Amino acid sequence: MALSRLAQEFADEIRLHDWSDAPYRWDRAGHRRSMDSKAPDETLTARETDFLKKNVVSVVSQVLLHRDSNLDIWEFAEACGLDSRTASGRSRDGSYRAALRFDLDENALPPGKYLSDVRRPGKEGESPQ
């Protein structure tokens, strides 16, 4: 299944950006250390860079999945330049789904909300006290 245009464009930007020095300076979109004469000496390790990128992908995935319940989060992660397989090489690493927030009906929660923000007090049919 192809990503939506919006999801593909986010993925393109996330993949293009060099995240290895992200904690050390604020860069423009599409930053590449190899093209930057003022790149700092310090960089993240490859593992730290991967974790940073996974966090960015999780945040963007939350919004995209809320807007489009058909988003394939693993396809999106791959389009962003991440490997969506498990450490043992199996497809669909469950940590990508575990990084997102869902309601009790398995719908992606709205951006900026936790389950406690969207649940109604009391049981169904009862009025809140």
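The values are calculated or read from the model by the stated rules, or taken from the named source; none is laboratory data. If you're wondering where the values come from, they're calculated on a predicted model, not measured in any experiment. Don't worry about glycine lacking a Cβ; one is built from the backbone with ideal geometry, like all the others, and counts go over all protein chains shown. Note: accessible area is taken over every heavy atom of the protein model, side chains too, but ligands, DNA and RNA are not part of it. Shrake-Rupley method; radii C 1.70, N 1.55, O 1.52, S 1.80 Å.
Observations on the structure shown:
- Enumeration of residues in region 79-111 that are part of a loop (DSSP other than H, G, I, E, B), in contact (Cβ under 8 Å) with a residue 24 or more places away in the chain and small (Gly, Ala, Ser): Gly81, Ala99
- Each residue in region 3-59 was checked for being loosely packed, with under 11 Cβ neighbours inside 10 Å and either part of a helix (DSSP H, G or I) or modelled with pLDDT of 90 or more (or both), and 6 pass.
- Selection from region 80-119 of residues that are acidic (Asp, Glu) and over 19 Å from Val63 (Cβ atoms): Asp83, Asp93
- Among (1) in contact (Cβ under 8 Å) with a residue 40 or more places away in the chain; (2) in a loop (DSSP other than H, G, I, E, B), the one test that Leu64 misses: (2)
- In region 86-98 there is at least one residue matching the filter, namely being modelled with pLDDT under 90, acidic (Asp, Glu) and open to solvent by less than 60 Å² (accessible area, probe 1.4 Å).
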